[in-house]
Amino acid sequence: MADPTVKDRPVQWPSPWPYDFPVEGTAASAPDKVARVAGVEPAPPVQMTRRSAFGAAFLGWGAFLTAVGVGKLGLVRFLFPNVSFEEPQEFPTAPPESFSRDTVDETWKKNGVWIANVEGSIIAISTVCTHLGCTPNWLPSESKFKCPCHGSGYYMNGVNFEGPTPRPLERFRVYIGDDGKLWVDKNMKCQVEQGTCGDRKFGIPA
Ligand code: FES
């Protein structure tokens with residue numbers, strides 16, 4: 001008995017399997033096939049009207065332009081760095097005559113500076129201990145700076161005399177500004193033990 005060829009096989013179409021591919025004709029959608037197998041009329045194809053096409057295009061472009069706008073906002077934000085809230089490194093204090101002889105003014109300690117009128121000069125002394133960086137306290141009754149961390153002590157001029165610190169407190173540049181006030185410039189400093197504080201940049205005659 002000869003084998004039946006593909007041509008001789010009985011055609012079973014529409015197939016009971018709703019997702020089978022059609023033999024001929026246009027491809028029906030899966031829902032249409034399900035409806036056909038179930039014996040009901042398939043739903044009419046969805047008609048795209050001009051209005052719905054415009055609506056879809058409007059929505060698409062709206063989403064696209066929104067995404068582009070958000071991206072540009074991010075770019076603009078990137079161009080402007082965060083605001084720095086650090087204390088300024090150069091700032092005015094007060095007229096030189098307001099600093100009395102042999103006193104230490106603590107008004108600008110928050111800026112990291114004591115203004116001292118000592119030995120005939122007005123100087124700006126750093127508030128950073130030269131041992132390990134703590135902030136000493138000014139003790140007027142003992143006329144000295146005393147570090148609370150390990151006990152280093154400094155004279156009014158910032159020179160160390162007790163405790164573990166190896167060297168004096170540093171000093172910053174001072175000058176008289178156009179406003180007649182004593183200005184402190186922390187961008188420039190000197191070290192007494194190296195002999196770099198003799199320059200007029202680091203002391204205004206009192
Ligand atoms: S940090 Fe000031 S004495 Fe050690």
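Residue 48 contributes an accessible area of around 140 Å² to the protein surface, as traced by a 1.4 Å probe with all chains present. Taken per residue, the accessible surface of segment 55-206 reaches 59 Å², heavy atoms only and a 1.4 Å probe.
Determine, from the Cβ-Cβ distance of residue 70 and residue 30 and an R0 of 41 Å, the FRET efficiency 1/(1 + (r/R0)^6), rounded to the nearest 0.05.
0.60
Among 62-75, 135-148, sorting by the average number of other beta carbon atoms lying within 10 angstrom of each residue, highest first, gives 135-148, 62-75. Of the residues 190, 91, 150, the one whose Cα sits farthest towards the positive end of the charge dipole of segment 90-205 is 150 (charges of +1 on Lys and Arg Cβ, -1 on Asp and Glu Cβ, taken about the Cα centre).
What ranking do 156-163, 111-118, 54-61, 199-206 get when scored by the average of other Cβ atoms within 10 Å per residue, highest first?
111-118, 156-163, 199-206, 54-61
Placing +1 on the Cβ of every Lys and Arg and -1 on the Cβ of every Asp and Glu, with no other charges, gives segment 109-206 a dipole of roughly 180 debye about its Cα centre. Could you please tell me the mean projected area of the C-alpha convex hull for segment 90-205, averaged over all directions and given in square nanometres to one decimal? Here the figure is 6.6 nm², rounded to one decimal. Overall, the accessible surface of segment 152-206 at a probe of 1.4 angstrom is composed of carbon and sulfur to the extent of 47 percent. Seen from residue 188, the other residues with C-beta closer than 9 Å to its C-beta sum to a net charge of +3, counting Lys and Arg as +1 and Asp and Glu as -1.
The values are calculated or read from the model by the stated rules, or taken from the named source; none is laboratory data. Note that the coordinates shown come from a computational prediction; the quantities given were computed from them, not determined experimentally. Here the Cβ is made from the backbone with ideal geometry for all residues, glycine too, and neighbour counts use every protein chain on show. These area figures cover heavy atoms from the full protein model, side chains too; ligands, DNA and RNA do not enter into them. Shrake-Rupley method; radii C 1.70, N 1.55, O 1.52, S 1.80 Å.
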